[in-house]
Amino acid sequence: MQQIKKIEGGACCSLRPLWEEVFFEDTRLFNDYYFENKAEKNTALVLEEDGQDLAMLYLTPYRLCMKTGGSCRLVESDYVVGVATREKWRHRGYMGRLLKEACLERYGRERPFLYLMPASPAIYEPFQFSYIYDKPRWRLQTDLALKVYSLLEGEARAAEAVRYERKILQAAEDVREEKLQGGSGALEIRPLEEEDIPGLADFASAQLERRYQLYTQRSEDYFRLALKEMYAQQGDIFLLLDEGTIVGYFFYGREKEAEIQEAMVLPEYEELLMEQAPECRPAIMGRIVHLPAMLSLIQSRQRMEILLQYTDPLIEMNNGFYCWKAGPEESTVQKLPEADVCGKLYAETSPERLCAFLFGRAPADKCFTFKGSYLWEKMGLLRSLEQVKTLRDICINEIV
């Protein structure tokens, strides 16, 4: 008899044989890192039959910082990883059962949304997951990459000095003047050391808050764990310093191929370090789990009140009518009886369409269908939705 069981803590490590069977391309070094550092902090859902594990997924808790008003707030969310089914048991709907159970379980905890990095988007689209983040492809300047090759390959750890002329742009009324700034004219690039972590956490947090509306919270513990992960990928975290001050960093992994997994550099140093205009690729898909919890995080530039009808094929408790009130510093959501909406203008949407709208992937007129009343009133409702502070600037680069 089949059943879905939930396991937590150290018991999650018992799934390593299934992980290694399905993700056979992962190295022993990386698997050691995951099951010694990450797995026991997760929740796992397992479909089993007669004591045999047939399929699994992990829910990795992360704290995200979200900024739609004037300040950041912490949001508890879960990153779905390790979605796997034994080969002989595939194409039987087991993954769908686990995804639904994960959504229902996290609905009970009022998680606003789940997210994942898909092997193929077609696998998750039937469960109303849609892309929310495009990841840049960071590349080092060619000359710089050659200069620090021994560092990148782990053959050396001593800092490399890079000569440059530091330029700044100064606003003078309507004229932008380019000037040379004083200093030694040399940067240092070197691997991260334990004593650097507090300063790096401060630097990253400040830059992320300045640039993004949604990003993973960066703490000292986050970077300690990230450093272990880069080591497991035969890579490292590298600092860019100007006269001893951190002005940038990047994660460099070499498990399958050499790749910069994340880079954060002060604007005035970007041209020195990175190739210009890096292309992006769709990377992270998301799904709204608890509709009221999600909408209560989203604010509007102007006060608005909107009636919504929401149809969720996976999470029945989300279905129904809602009154959503939002303004520059507030957002409230109330579920309504259908009778209260009779004869009134409302907007109709679904998980994938609303997700595309809230994460800035598609405009309001593509994500909502308007029911009832006159055309001019529908246009007024559309204009209200266009004032919503959608989450366009996102940074989610974690692998597991």
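Taking region 219-246 as the range and being of a type in the set (Val, Ile, Thr) and either more than 16 Å from residue 201 (Cβ to Cβ) or surrounded by fewer than 21 Cβ atoms within 10 Å (Cβ to Cβ) (or both) as the test, the residues that pass are 245, 246.
Which count do you get for residues in region 264-301 that are in contact with a Gly (Cβ under 7 Å, 6 or more places away or on another chain) and touching a residue at least 40 places away in the same chain (Cβ under 8 Å)?
The number of residues fulfilling the criteria is 6.
Out of 30, 24, 35, one residue alone is loosely packed, with under 13 Cβ neighbours inside 10 Å and of a type in the set (Phe, Trp, Tyr). It is 24. Residues that are more than 17 Å from residue 241 (Cβ to Cβ) and assigned to a loop (DSSP other than H, G, I, E, B) within region 251-283 comprise 254, 255, 256, 257, 258, 275, 276, 277, 278, 279, listed in sequence order. Within region 344-357, does at least one residue satisfy the condition of being polar (S, T, N, Q) and in contact with a helix residue (DSSP H, G or I) (Cβ under 7 Å, 6 or more places away or on another chain)? Yes, region 344-357 contains at least one residue that is polar (S, T, N, Q) and in contact with a helix residue (DSSP H, G or I) (Cβ under 7 Å, 6 or more places away or on another chain).
Take residue 149 and decide whether it is of a type in the set (Phe, Trp, Tyr) and either in the same structural domain as residue 314 (by TED's automatic domain parsing) or in contact with a strand residue (DSSP E or B) (Cβ under 7 Å, 6 or more places away or on another chain) (or both). No: the conditions fail for residue 149.
Residues in region 276-303 that are touching a Ser or Thr at 6+ places or on another chain (Cβ under 6 Å) and β-branched (Val, Ile, Thr): 298 only. Within region 17-39, not a single residue is assigned to a strand (DSSP E or B) and out of contact with any strand residue (DSSP E or B) (no Cβ under 7 Å at 6 or more places or on another chain). Would you please list the contacts, defined by Cβ atoms under 6 Å and residues six or more apart or on different chains, that run from a residue in region 51-74 that is free of Cβ contacts under 8 Å to residues at least 40 places away in the same chain to a residue that is of a type outside the set (Val, Ile, Thr)? The qualifying pairs are 53/18; 61/78.
Return yes or no: is residue 286 assigned by TED's automatic domain parsing to the domain that holds residue 380 and either within 30 Å of residue 248 (Cβ to Cβ) or among the small types (Gly, Ala, Ser) (or both)?
No.
In the set (1) among the β-branched types (Val, Ile, Thr); (2) within 18 Å of residue 107 (Cα to Cα); (3) in contact with a Ser or Thr (Cβ under 7 Å, 6 or more places away or on another chain), the condition left unmet by residue 306 is number (2). Among the residues that make up region 57-68, is at least one of them assigned to a helix (DSSP H, G or I) and either of a type outside the set (A, V, I, L, M) or over 30 Å from residue 328 (Cβ atoms) (or both)? No, region 57-68 contains no residue that is assigned to a helix (DSSP H, G or I) and either of a type outside the set (A, V, I, L, M) or over 30 Å from residue 328 (Cβ atoms) (or both). Only one of 154, 82 is assigned to a loop (DSSP other than H, G, I, E, B) and in contact (Cβ under 8 Å) with a residue 40 or more places away in the chain; which? Every option except 154 fails the conditions. For region 271-308, what are the residues that are under 30 Å from residue 327 (Cβ atoms), of a type in the set (Lys, Arg) and surrounded by fewer than 17 Cβ atoms within 10 Å (Cβ to Cβ)? 301, 303, listed by residue number.
The values are calculated or read from the model by the stated rules, or taken from the named source; none is laboratory data. Here the structure is a predicted model, which means the values were calculated and not measured. Here Cβ is always computed from backbone atoms with ideal geometry, including for glycine, and neighbour counts include all displayed protein chains.
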